[in-house]
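**Q** Let me give you the structure first, and then I'll get to my questions.
Bear in mind these aren't lab numbers, they're just calculated from the coordinates by the rules spelled out. This is a predicted model, so every value here is computed, not measured. With ideal geometry, Cβ positions are generated from the backbone for all residues, glycine too; neighbour counts draw on all protein chains shown.
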Amino acid sequence: MKKLTLLFLIVFNFTNVFPQTFVTHNTSTLQVSIFNNGYIGHNFDATQGGGVVFGSAPDAMFTAGVMFGDNVRGVNGMVGSFVQGTPQLPIIADLQNTVPFTPFTSDPYFNQITEARMNDGLAPLPYNVTIKQKSYSNTGDKFVIITYELTNNSSNTYSNFRVGIFADWDVGAAAYLNNRRGMDIPRNLVYQYLQGTQDPNYYGVVALSGLTGGTSTDIFPGDVNTIRNEVYLLISNIYDSTSSTRLGDFRSFIGSGPYTFSPGSTLNVAFAIVVGTNLADLQTSADAAVFKYNNYILPVELTSFTASVNLNGDVSLEWITETEINNHGFVVERKTDNTDFTSIGFVKGNGTTTERKIYTFTDKNLEAGKYYYRLKQIDFNGQFEYSDIIEVEVTPVNKYLLEQNYPNPFNPSTVISWQSPVDSWQTLKVYDILGNEVATLINEFKNAGKYSIRFDMKDLAPGTYFYQLKIGDVVQTKKMTLLK
């Protein structure tokens, strides 16, 4: 029975929101099981899942899983293995799945795609993070790509936040004590292989979002108070042991970051399980995974999507992207409580860019009520993904109101806004300080609503002026100042 070197063991008793299940990607040469609560290959004691099987070689994975955290609390996630004894227990097991697995779907580049959602609600100190996990594979590939979209649902900003993978490889199955380890830092790759004949292949994990920490080790110290922070250090710093000739039962750690994870924001981080018949073939698999991720998966990183209502009752939408890959553009969709989403406009994207981009769209001529908006981001290849839904309420005009002009003081022009709850004849006039009329801005019948007008006073002398709104018997007056 396999033995894990530990000073202490952290134990959690938990029940998932949905039962722990897995699906197995099969590329015809590689099989990888993915769990709906963050495990990869097998669960913590290898009693569930199909592992990682390459060709006719024995299962090379004992257990693996995703983890994340900052330098204060350390990691939450799924870090499994076991020690001798009964029961066999996980080290860290914090994630619970919140929706059932989606069935396998496909697109032009991957014939097996599935999705699961989870959160860290089982952790002693949750970060209050939700995770959308998607995994991708295609016939003939020697890799499976796993993406994680993390959303910060807390009111805290987490600095130095990192996301990583723990992988307990057992290359050669029963010969796991004869494993060797290595890193290919330019490829963001941590790998293991066997010093022996039971399995000649190489197995590894690639950090597709960048490598900032990683190693393979068979020394796993820690106690109940420190183990989460010590695991955090293993995905925060690079400890390259490629030159080591020592054999052992190694566990790989690999991490991306650091990120500043603010409330309501999302992080998109990805890894790939890769295999090869030798080191050169493993490196080729890693390069292929990077290419496919960068060209066919890497999402448009939408960091903000907001809505506001102006005085005219128009809804102004604004969204910000940090990175874009093959982004054709955004379809803006709107719905109400009584209607489905429909397209109301299109905003062209910026193709491929790593620069921050700000987009805007204005939805005009709306009646009072509640509206829901979402973005349909479309790639040049036709793939698309929806944003989260935001809502905004356009309130009815229920009172007479003449707003203070803006800017004020001003030179030479300013904007005057007002609203009326009734259909009526309206006049808006400007007077000097002596009460002489100097301009008539509005003198017409208008429907109930919100209005604004820009007034240019470049031909008038600087000083104090008054503008007056008359709607039936209602009269409102404000003062404004024209500068030199």
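**Q** Residue separation times 0.36 nm, minus the C-alpha to C-alpha distance between ILE358 and ILE185: what's the value? Provide the component values of the computation, followed by the final result.
**A** On the way: separation 173, 0.36 × 173 = 62.28 nm, distance 3.40 nm.
That pair, ILE358 and ILE185, stretches by 58.9 nm at full extension.
**Q** Would you mind ranking ILE453, ILE92, ILE358, ILE325 by Cβ crowding within 10 Å, fewest neighbours first?
**A** On the way: ILE453 13, ILE92 25, ILE358 9, ILE325 19.
Listed from fewest to most nearby Cβ atoms, that is ILE358, ILE453, ILE325, ILE92.
**Q** Please compute one quarter of the surface area of the Cα convex hull for the stretch 166-256 and express it in square nanometres. Intermediate results must be reported in sequence, preceding the final value.
**A** On the way: hull surface 23.2 nm².
Value for the stretch 166-256: 5.8 nm².
**Q** Any chance you could give the angle, 0 to 90 degrees and rounded to 10, that helix 279-292 forms with the longest Cα principal axis of the chain?
**A** 20
**Q** Spelling out what I want: for every residue of the stretch 173-186, take phi, set θ = phi - 60°, compute 6.51 cos²θ - 1.76 cosθ + 1.60 (Karplus), and round to whole Hz; glycine and proline get x.
**A** Result, ordered by residue: 6, 5, 8, 4, 6, 9, 6, 10, 9, x, 9, 10, 4, x Hz.
**Q** D for the chain, whole µm²/s, Stokes-Einstein with Kirkwood Rh over alpha-carbon pairs at 37 °C and 0.692 mPa s: what number?
**A** Values: Rh = 25.9 Å.
Translational diffusion coefficient: 127 µm²/s.
**Q** Separate question: Normalized C-alpha radius of gyration of the stretch 57-206, against 2.2 N^0.38 Å? List each step's numbers first, then the result.
**A** Working: Rg = 17.3 Å, N = 150, 2.2 N^0.38 = 14.8 Å.
The reported ratio for this selection is 1.17.
**Q** Which percent of the Cα-Cα distances in the stretch 226-331 go past 19 Å?
**A** Values: 3785 of 5565 pairs.
Looking at the stretch 226-331, the distances longer than 19 Å represent 68 percent of pairs.
**Q** Explain nothing, just compute: Karplus ³J(HN,Hα) = 6.51 cos²θ - 1.76 cosθ + 1.60, θ = phi - 60°, for every residue of the stretch 315-324 in order, whole Hz, x for Gly and Pro.
**A** In residue order, the calculated couplings are 9, 9, 9, 9, 9, 10, 10, 9, 9, 9 Hz.
**Q** Using the Cα atoms of the stretch 445-484 to build a convex hull, what is its mean projected area in square nanometres?
**A** Numbers: hull surface 15.1 nm².
That works out to 3.8 nm².
**Q** Okay, next question. Which aspartates and glutamates have a Cα less than 20 Å from the Cα of LYS370, not counting those fewer than 8 places away in the same chain?
**A** Within the straight-line limit of under 20 Å, LYS370 reaches these aspartates and glutamates: ASP314, GLU318, GLU333, ASP337, ASP340, ASP388, GLU391, GLU393.
**Q** Take ASP240, ASP199 and order them by how many other Cβ atoms sit within 10 Å, fewest up front. Working shown, then result.
**A** On the way: ASP240 15, ASP199 22.
By the 10 Å Cβ count, ascending: ASP240, ASP199.
**Q** Could I ask something else about it? Considering the stretch 353-404, what Rg and Dmax in Å follow from its alpha-carbon atoms?
**A** Every Cα atom of the stretch 353-404 included, Rg and Dmax give 16.8, 52 Å.
**Q** Cα-Cα pairs above 22 Å in the stretch 401-482: how many percent? Walk me through the intermediate numbers first.
**A** Values: 661 of 3321 pairs.
Here the long-distance tail beyond 22 Å is 20 percent of all Cα pairs in the stretch 401-482.
**Q** With the cut-off at 22 Å, tell me which of the pairs LYS450/LYS484; LYS364/LYS450; LYS335/LYS399 have Cα atoms farther apart than that. Write out the running numbers ahead of the final one.
**A** On the way: LYS450/LYS484 31 Å; LYS364/LYS450 12 Å; LYS335/LYS399 27 Å.
Cα-Cα > 22 Å for LYS450/LYS484; LYS335/LYS399; rest within.
**Q** Could I ask something else about it? Please order VAL205, VAL190 by the number of other Cβ within 10 Å, starting at the fewest.
**A** Numbers: VAL205 28, VAL190 31.
Least to most surrounded, the residues fall as VAL205, VAL190.
**Q** Out of every Cα pair in the stretch 301-394, what percent are spaced more than 18 Å from each other? Each step should come with its number before you reach the end.
**A** Values: 1867 of 4371 pairs.
Here the tail beyond 18 Å accounts for 43 percent of pairs.
**Q** Among the lysines, which have Cα under 19 Å from the Cα of LYS134 when same-chain residues fewer than 8 positions away are ignored?
**A** LYS142, LYS292, LYS376
**Q** With r defined as the distance between the Cβ atoms of PHE291 and THR395 and R0 fixed at 41 Å, what FRET efficiency is calculated, to the nearest 0.05? It would help to have the intermediate numbers written out before the result.
**A** Details: r = 51 Å, r/R0 = 1.24.
Approximately 0.20, to the nearest 0.05.
**Q** In the stretch 256-364, what trypsin sites (Lys or Arg not before Pro) fall in a loop by DSSP, with at most 14 other Cβ atoms inside 10 Å? Please list the in-between numbers first.
**A** Details: sites: LYS292, ARG334, LYS335, LYS348, ARG356, LYS357, LYS364; in loops: ARG356, LYS364.
Counting only loop positions with at most 14 other Cβ atoms within 10 Å, the trypsin sites (Lys or Arg not before Pro) in the stretch 256-364 are ARG356, LYS364.
**Q** Now for a different question. How much net charge surrounds THR29 when only the other residues with a Cβ under 15 Å from the Cβ of THR29 are counted, with Lys and Arg +1 and Asp and Glu -1?
**A** That sum, taken over residues with Cβ under 15 Å, equals -3.
**Q** With N denoting the number of residues in the stretch 22-297, provide Rg(C-alpha) divided by 2.2 N^0.38 Å, to two decimal places.
**A** Values: Rg = 17.1 Å, N = 276, 2.2 N^0.38 = 18.6 Å.
For the stretch 22-297, the normalised Cα radius of gyration is 0.92.
**Q** I've got another one for you. Under 13 Å Cα-Cα from LYS446, which aspartates and glutamates qualify once same-chain neighbours fewer than 8 residues away are excluded?
**A** ASP423
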